[in-house]
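K.L.:
Structure provided below as structure tokens; questions to follow.
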Amino acid sequence: MQIGLQAIPPVGIVFDCDFGNEIDDALALALLYGLDGKNECRAVATTISKPNLKAAALCDAIGRFYAGEVSAGIFAMGRTLPVGLATKGSHPEDTPMLAVVAKQTPDGKPVYKHAIGSITDTADPVNVLRNALSAQHPKNAIVVGTGPATNLAALLRYPIAQQFIPERCRFLVLASGAYPDGKPDPGIQSDIAGMRKVLAEWPTPIIAVGSEVGEAIRFPASAIESKFAWSPAHPVVDAYKAYKAVPYDAPTTAMAAILYAVRAKDQLFRLSEPGVISVSDDGSTKFAPSAGGKHRYLIVDPAQKAKVEQIYIDVASAKPVPKLPRRRFGQQQEQKQEEAKPPAAPSAGAPPKG
């Protein structure tokens with residue numbers, strides 16, 4: 001098969017987060033895997049800026065759950081992702097939602113399967129980010145970052161980052177700050193220098209998703225109780241209940257970042273004019289319009305609020321779609337073409353621009 005005729009797979013999403021600090025990261029993972037299950041995207045890597053082994057383990061457990069791989073071994077061939085884990089940084093402490101990873105059945109067996117027991121079971125975040133982007137077709141990856149920008153800033157120190165990032169990545173979505181200006185962001189405060197570096201040096205367009213977006217469209221507690229009820233044990237539901245006293249409607253800033261990354265063409269949100277985002281010493285952000293700026297921020301469209309909320313609910317709560325480990329997409333297409341061929345006769349002798 002000719003290389004130029006190979007179909008391009010769905011966009012690859014690289015998710016960098018401070019997993020365990022905010023419930024919307026867990027909800028965002030559920031949305032990401034749900035969209036993956038619908039073949040709208042491919043979840044290709046997760047990296048964590050929170051230097052906590054339980055954060056990596058729970059992230060892995062949620063990935064395995066949505067791949068259809070459960071503790072009993074059902075769908076044991078489910079596809080899971082590498083997890084990149086920072087070994088230093090802010091907020092290394094355990095949080096209540098991370099206790100979910102140790103949940104056991106009455107007979108002492110783990111409720112949620114994961115494969116991370118020590119630091120050697122994780123990977124260096126920069127290596128994971130670099131390898132995940134390098135493996136994608138040109139302009140067929142999108143990076144979504146939540147929390148501190150530590151891992152993304154570290155990637156920019158890689159010698160040829162300015163070359164290979166724009167070759168593979170369409171744009172970066174940052175679930176950080178408040179716009180056009182607002183209160184300090186705890187995630188930014190954890191690494192102000194890192195966020196400033198990413199905003200100044202990241203070589204593609206950047207779409208910021210401020211906390212005001214997550215506050216405007218919240219994930220309803222009623223959906224947690226009803227839409228996820230198909231599973232007697234669900235890691236996202238358990239994380240939601242452990243995060244703080246229920247019931248509560250959860251902010252969805254990270255979910256909005258994932259949804260925009262995958263469905264930017266659906267115009268579910270509005271975009272600001274181009275400009276430049278700066279970070280103050282207290283961790284707050286400020287947007288200054290500029291015709292030549294490469295930054296924009298997401299704006300909630302009142303006419304689309306109900307639709308966006310329903311997408312969050314329906315996709316995040318969908319039952320897992322077990323998948324076999326992916327082969328190279330070109331190989332899959334070649335196999336389909338071969339299977340479609342008639343039997344041989346007896347022989348005689350294919351948002352914002354970067």
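Coordinate-derived values only; no laboratory data. Since we're looking at a predicted model, the values are computed, not measured. Quick reminder, even Gly has a Cβ in these numbers, built from the backbone with ideal geometry, and neighbours come from all protein chains shown.
K.L.:
Stretch GLU40-TYR248 to full length: gain in nm at 0.36 nm per residue minus the Cα-Cα span?
P.N.:
71.9 nm
K.L.:
Please grab the % of Cα pairs in the range 198-301 that end up more than 16 Å from each other.
P.N.:
66
K.L.:
Which far-off residues, 5 or more places away or on another chain, put their amide H under 5 Å from the one on VAL83, with H placed in the peptide plane?
P.N.:
Here ALA123 satisfy the definition.
K.L.:
Provide the per-residue ³J(HN,Hα) series for the range 26-33, in order, calculated from phi with Karplus coefficients 6.51, -1.76, 1.60 and θ = phi - 60°, each as a whole number of Hz, with x at glycine and proline positions.
P.N.:
With the stated coefficients, the range 26-33 comes to 5, 5, 5, 4, 4, 5, 4, 5 Hz.
K.L.:
Let me ask you something else. If you bin every alpha carbon distance in the range 181-254 into 5 Å steps from zero, what whole percent lands in each bin?
P.N.:
Percent of pairs per bin, in order: 3, 12, 17, 18, 15, 11, 11, 9, 3, 0.
K.L.:
Where does the range 70-190 land on Rg/Rh, using Cα atoms and the Kirkwood Rh?
P.N.:
Rounded to two decimals, Rg/Rh equals 1.03.
K.L.:
Can you sort ILE23, ILE277 by how many other beta carbons sit within 10 Å, fewest first?
P.N.:
ILE23, ILE277
K.L.:
By per-residue mean of other Cβ atoms within 10 Å, what is the highest-first order of 256-263, 159-166?
P.N.:
256-263, 159-166
K.L.:
Between SER226 and ALA193, what is 0.36 nm times their sequence separation minus the Cα-Cα distance? Round to one decimal in nm.
P.N.:
7.6 nm
K.L.:
Points 7 angstrom from Cα along the Cβ direction at ASP107 and ALA306: gap in nanometres?
P.N.:
Rounded to a tenth, the inter-label distance reads 4.8 nm.
K.L.:
Rank-order 146-152, 107-113, 203-209 by packing density, defined as the average count of other C-beta atoms within 10 Å over each peptide's residues, highest first.
P.N.:
Listed from highest to lowest mean packing, they are 146-152, 203-209, 107-113.
K.L.:
With all distinct Cα pairs included, what does the Kirkwood hydrodynamic radius of the range 1-64 come out to in Å, to one decimal, could you say?
P.N.:
Radius from the Kirkwood sum: 13.0 Å.
K.L.:
If neighbour count is taken as other Cβ atoms inside 10 Å, put LYS294, LYS38 in order from fewest to most.
P.N.:
LYS38, LYS294
K.L.:
Determine, for ARG296, ARG196, the number of other Cβ atoms within 10 Å of each Cβ, and report the residues in order from fewest to most.
P.N.:
The fewest-first ordering by Cβ neighbours comes to ARG196, ARG296.
K.L.:
Give me the percent of DSSP beta bridges within the chain that run antiparallel, rounded to the nearest 5.
P.N.:
Counting only bridges with both partners in the chain, antiparallel ones make up about 30 percent.
K.L.:
Now for a different question. For P(r) over Cα pairs in 10 Å bins from 0, in percent, the choices are (1) 5, 21, 24, 22, 16, 9, 3, 0; (2) 5, 22, 32, 28, 12, 1, 0; (3) 5, 25, 35, 23, 8, 2, 1, 0; which was calculated from the structure?
P.N.:
Recomputing P(r) over Cα pairs in 10 Å bins from 0, in percent here gives the entry labelled (3).
K.L.:
Right, another one. First check a/c for the range 78-126, with a ≥ b ≥ c the square roots of the eigenvalues of its C-alpha gyration tensor; if it is under 1.5, answer rounded, and if not, answer prolate when a/b is larger than b/c or oblate otherwise.
P.N.:
Verdict is oblate for the range 78-126.
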